[in-house]
Structures are given as C-alpha cells and as structure tokens.
Amino acid sequence: MTLSPQALEFAQTLVRMNTVSQNSNLELIHFIRDHLARLGVKSRLTFNDSKTKANLFATLGEGKPAGIILSGHTDTVPWDGQDWSMDPLSALVKDGPEGPSLYGRGSADMKAFIGIAVSHAEQFLNSEAPFAIHLAFSYDEEVGCFGVKELIADLRDANIQPLACIVGEPTSMVPAIAHKGVYRYKCCVRGKEAHSSLTPHSVNAIEMAARVVGRLRDMGEGFEREEPRFEGFDVPFSTTSVGQFHGGIADNVVPRDAEFRYEFRDLPTANAAQMQSEVVAYAKSLEPAMKKVAPAAGFEFETICEIPSFLGSKDDPVTRLAQELTGEQGTTLVAFGTEAGLFKNAGISTVVCGPGSIRQAHQPDEYVSLAQLARCEAFMQGLARTRSIDWPPA
Ligand SMILES: [Zn+2]
C-alpha cells in the first residue's frame, strides 16, 4: 500500500490552515467547497451565529437511493505552551517513531482523514457503487460538538436521510463501536457574605458548593461500586470529576460566591441526563435553608457541553463494511468522545474508523504515519469500488 501524492497534498494543505476552534474555519471550508464545485458538486454550508465558522455537507452521487457519510471535524485544539520541535502548521513529512509521517496540529485529529476523503471526491463521483457518498465536515467539535448538531438538524430539515456514517477519528484504522459520553456543567453558587465571626447571618457559598461536590464524589464511588461493567473500556464504569473550583476572597470573610465545573463520562449503557438531574435535585434540596438567610442565595447550573455516548454494533452493516475495507477482523472501543453518538441518535448507523492514533492527538509534534494514510487511502478506494452493500436502503 502506498500513498498517492495527491492524497498527501490534500492532507498537507488542510494541516497548513489554522483552524484552532476559536478561529474561523472558513478558509478550509471554502477550499473544499471550491474543489467540489470544480467537479460540479454543490455544498450545503451551515454557519454558526456569527457566520465565522461553517459545516460543509456535500453529496457525491446525487440521486442514488442511499448514502454513506464520511464525517470529520475541521477544528483542532490549540498548541499554546506546548513544546513543538517544528511549526505546528508546517505539515512537514519526516521520519518518526512509526516511519515517515506527516507532522502538524490536526494531522492525526483529523485533517488527514478529511483530506484523503476529499482527494477521492472524483472517484466517489464516478463510482458505480449503489450508494452515494456524503461528505460531512463540522466546526467546533473540540469544544463540545456544537457544529455537527447544526449539520444534523439541517439534514433533517432538508429531508436528507443517509444510511450510515463513518466518523474518521483516529482509531489506527480499526473500526470502533463504542465510546462514553462527555457531559460538562458549571455550577455557580450564590451565598451571602458576612464577617467570619457572624456565620449564622451568612450563607457560605464554598461550603454549599462543597456539599454538591461531595455528592458528585459519592455518585462516582457508587458507579465504581455498583454499575454493571462495560468490558473493553480502560475504566469500565461511568465516572464523575470536578475539574475546577473557585471561591472566596479572604480568610475572615464568609464567601458569597463559589463556582465549580464538573463532568460525567457515562457508559453507553448509562444515562448522563439522569446523573445531572440527580445533582440538580440535590442542590435544590439545599436551597430552602440558604434562602431563609438570604432570599437571593441558591445554585445556578450551566451546560458546557453534552456529547452523547456512542454504541454501535459489530453486526451493524456499516461496521462490517469498515472491517472489509480495512481488512480488520475485530472492533475496538475508544476512550474519547466523538460526533458518532449524535449521528447514531439521529437514526444513522455509525462506526468510528480513521488513520492515526489518539495518543498523538492534542500532543506536541502531533503526527500520523504515511503507512496509516496509505491504509486510509486504500479504504477510500475500496469504498469507491464497492458494488453492493448487504443492507437495503433505508
Ligand atoms: Zn477529533
């Protein structure tokens, strides 16, 4: 398996574009839109509120009865403070731990997959496969999967019903059929300040926050003790974690404000919405006593992100297709969140499969080996050559 110069060139071009989540991704989206336009393919763009970022959705093989989505996110994490030995936007090809590799931010996570998919647009267009290929590239995945929700809503509104979805996150080209969800929240606690000698006349925001934090800890220990195991994950039960806690201004002032942020990583068989309801209900149970002292005291919750867990199946036709195209017999689970759960929840059978390893993602000197890219290219070529799929169009 060798990698074609065109596929590598596309991957490099995308890596050279700075699409850190906080920035616009329009340079990249327009580049892909223009490439597809030259092939006569129209792209659907859906924008964020300020129109600085867009999702792109395009269909190669319009009119065919069903379609398979190749999905990727266009944004990357930043590299501030990381110790890189090269420019993260250089898209350098050089020898690495896994042989010749493409270096740069987003090389593994996940611009190479997008570049290689786009570089095969013409083959998909000319393919005699009985299904269309949809390209679905989103913004703001790394900060909470916000873009793809708009993209999926647009498909629903336009009555586009894809059959299946392949999310090209780095799994070393092994089809992945499950991951946990990531649900993050912020809780602001309002109390009432007082001189610390007069605590009965105050509401201590830190202490109230700490009770909820303690509840989160208890829930986490409960999952570890009692939750039915989901074998295959490094941590085979749901977890809770408080990541930040701020509050207080001085030793002798009862704090009026406290704030903490926490997350649930729920098993595909668990229910994060229920976990969050339990936390909110517990906080609400503390409020009457707080409000007796200060009517304005209480808890406020804010959602930071809700990325649902994903549970596919090894028997899903799209999983079997991914196995066939990669030559992999087995499947795997991944520890990170992806957009897969959102596609699955929209009724689209989904698998996660892409080049490179999550171990290189978000790291300094991020890379993906050319051998992995060659496997990804073989995957795309196999997909274009596929003549039948063993499940009927939806
Ligand atoms: Zn990613």
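Carbon-plus-sulfur fraction of the accessible area of the range 85-180, 1.4 Å probe, in percent?
Working: 1370 of 2900 Å².
C and S fraction of accessible area: 47 percent.
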Check: So which of K64/K314; K53/K284; K64/K344; K180/K292; K149/K291 end up more than 29 Å apart, counting from Cα to Cα?
Finding: K53/K284; K180/K292; K149/K291
Notebook entry, point to check: Which one of A281, A272, A340 has the biggest mean-square fluctuation once the chain is modelled by GNM with Cα springs under 10 Å?
Noted result: A281
Note to self: Just to be sure I understand the curve: with the Debye formula and one point per C-alpha of the range 231-367, what is log10 I(q)/I(0) at q = 0.09, 0.11, 0.13, 0.19 Å⁻¹?
What the structure shows: -0.45, -0.62, -0.77, -1.24
Next item on the list: Name the long-range amide H neighbours of V20: under 5 Å, sequence gap of 5 or more, or other chain; modelled H, no Pro or chain starts.
Entry: T76
Margin query: With a cap of 16 neighbouring Cβ atoms within 10 Å, and only residues DSSP puts in a loop, list the trypsin sites (Lys or Arg not before Pro) found in the range 122-192.
Written below: none
Notebook entry, point to check: For the range 155-266, max minus min Cα coordinate along each principal axis, in Å, sorted largest first?
Noted result: 65, 41, 23
Margin query: Per residue, how large is the accessible surface of the chain? Use a 1.4 angstrom probe and give square angstrom.
Written below: 44 Å²
Next item on the list: List, in order, the whole-Hz ³J(HN,Hα) value for each residue of the range 178-186 obtained from phi through the Karplus relation with A = 6.51, B = -1.76, C = 1.60 and θ = phi - 60°; use x for Gly and Pro.
Entry: 7, 8, 6, x, 10, 10, 10, 9, 10
Check: Across the range 348-356, in residue order, what do the Karplus-derived ³J(HN,Hα) couplings come to in whole Hz, using 6.51 cos²θ - 1.76 cosθ + 1.60 with θ = phi - 60° and x for Gly and Pro?
Finding: 10, 5, 9, 9, 9, 7, x, x, x
Next item on the list: Starting from the Cα of E300, step 7 Å along the direction of its Cβ; do the same at E278; then give the gap between the two resulting points in nm.
Entry: 2.7 nm
Next item on the list: With a 1.4 Å probe and every protein chain kept in, tell me what percent of the accessible surface of the range 182-307 is carbon plus sulfur.
Entry: 49 percent
Check: the chain: percent of C-alpha pairs farther apart than 39 Å?
Finding: 25 percent
Notebook entry, point to check: Relative to the longest principal Cα axis of the chain, at what angle does helix 26-38 sit, 0 to 90 degrees, rounded to 10?
Noted result: 30 degrees
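Count neighbours as other Cβ atoms within 10 Å of each site's Cβ, and list the GluC sites (Glu not before Pro) in the range 175-239 that are DSSP loop with at most 16 such neighbours. Intermediate results must be reported in sequence, preceding the final value.
Working: sites: E193, E207, E221, E224, E226, E231; in loops: E193, E231.
Here the GluC sites (Glu not before Pro) that fit, given the DSSP loop and packing criteria, are E231.
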Next item on the list: Tabulate in residue order the Karplus-calculated ³J(HN,Hα) for the range 267-274, using 6.51 cos²θ - 1.76 cosθ + 1.60 with θ = phi - 60°, rounded to whole Hz; enter x for Gly and Pro.
Entry: 4, x, 8, 9, 9, 5, 4, 5
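The values are calculated or read from the model by the stated rules, or taken from the named source; none is laboratory data. A quick note: this is a predicted structure, and the numbers were derived from the prediction, not measured. FYI the Cβ positions are ideal-geometry reconstructions off the backbone, even for glycines, and counts take in every protein chain you see. The area values use the complete protein model at the heavy-atom level, side chains included, leaving out ligands, DNA and RNA. Shrake-Rupley method; radii C 1.70, N 1.55, O 1.52, S 1.80 Å.
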